[in-house]
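Participant: Quick one: structure below, then a few questions.
The values are calculated or read from the model by the stated rules, or taken from the named source; none is laboratory data. Worth saying up front: this structure is predicted, and the values here are computed from it rather than measured. Here the Cβ positions follow ideal geometry from the backbone for every residue, glycine too, while neighbour counts run over all protein chains shown. In case anyone asks, the SASA skips ligands and DNA or RNA and just uses the protein heavy atoms, side chains included. Shrake-Rupley method; radii C 1.70, N 1.55, O 1.52, S 1.80 Å.
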Amino acid sequence: MPKNPAGEKDQALRELLRLPQGERIDLAGYDAGATPGAPDGKEAALADAARTGRRLAGLQERLWAAGTAGDRRRVLLVLQGMDTSGKGGTVKHVIGQLNPAGCRITAFKTPTEEERRHDFLWRVRRALPAQGEIGIFDRSHYEDVLIARVRHLARPAEIGSRYGLINDFERSLAEDGVTLVKCFLHLSPEEQKRRLLRRLDRPDKHWKFDPGDIEERALWPAYQEAYELALERCAAPYAPWYLVPADRKWYRNWAITRLLVEHLRELDPRYPDAGFDVAECRERLRKQT
């Protein structure tokens, strides 16, 4: 992915970042440090992200307001990526600009005993956003074709069947009014190593470090292969994948803010009409002492 190809700033960002469908995905061919579509320079991007964040907040309020009047549409942001790719940072810096009352954030961890007694999509269905909400998945149902594949947590045939189940699940969501924004945060192994070392260098970041991260990092090639398969097999017009270069945190935050704004603008949620006589209520209030 070249840094800023000529003319790309005139394109919608989702066109620049959308992965091709029906083609083999080779993650090694994508530059994790690229900044496609971004303003020139970090400072310009940060200023643009602040402006775009205000627009995002306004669109979120309209979506939430429309939901109170029966509009069933909602948005689901799926964040997937290797450790330290910035899933939590995205929630903090992008979703943190929004009214939390209209957001539903779920960080999927190792399944509990109760969750293991159900099919792998059971806990995901329980975490879906309600109408008018923006749902955010920090990891998601894709863990069951990623870590499950790499760590051999299920039989190969069972894992193979899950791709189709995920596609059916996402199709049903789209048909029910869910706009899926699936973002793969593409991190380089060199940048991941730097971020892990920084966590060890800072006592206030030790809580974020797990010695198991070192073992997981040793499985990098297997994880890349698992991601490539998921990105290839689970992309559709109603649920495409967006590859967001994640080596530069400022770009990651700018890009995901922009992607959400583009999708919400297309939805164009509207404030509902008042279900009461505005003039009569105003007159009553004026007469009160």
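Participant: Taking 0.36 nm per intervening residue step and subtracting the Cα-Cα distance, what contour gain separates Asp40 from Leu197 on full extension?
Facilitator: Additional length available on full extension: 53.6 nm.
Participant: For the chain, with every protein chain kept in place, what is the accessible area per residue (1.4 Å probe, Å²)?
Facilitator: That works out to 51 Å² for each residue.
Participant: Now for a different question. Dividing the convex hull volume of the Cα atoms of segment 41-100 by its residue count, what figure in Å³ per residue is obtained?
Facilitator: Per-residue hull volume (Cα only) is 94 Å³.
Participant: For Lys42, which lysines qualify as cross-link partners when the Cα separation must be under 24 Å and same-chain residues fewer than eight apart are set aside?
Facilitator: Output for Lys42: Lys3, Lys9, Lys87, Lys92, Lys193, Lys249.
Participant: Whenever you get a sec, compute what percent of the accessible area on segment 46-86 sits on carbon and sulfur atoms (1.4 Å probe).
Facilitator: About 55 percent, which is the carbon plus sulfur part of the accessible surface.
Participant: Starting from the Cα of Tyr271, step 7 Å along the direction of its Cβ; do the same at Ala69; then give the gap between the two resulting points in nm.
Facilitator: 1.0
Participant: Would you calculate the separation in nanometres between label points at Asn167 and Ala236, each defined as 7 Å from the Cα along the Cα-to-beta-carbon direction?
Facilitator: It is 0.8 nm.
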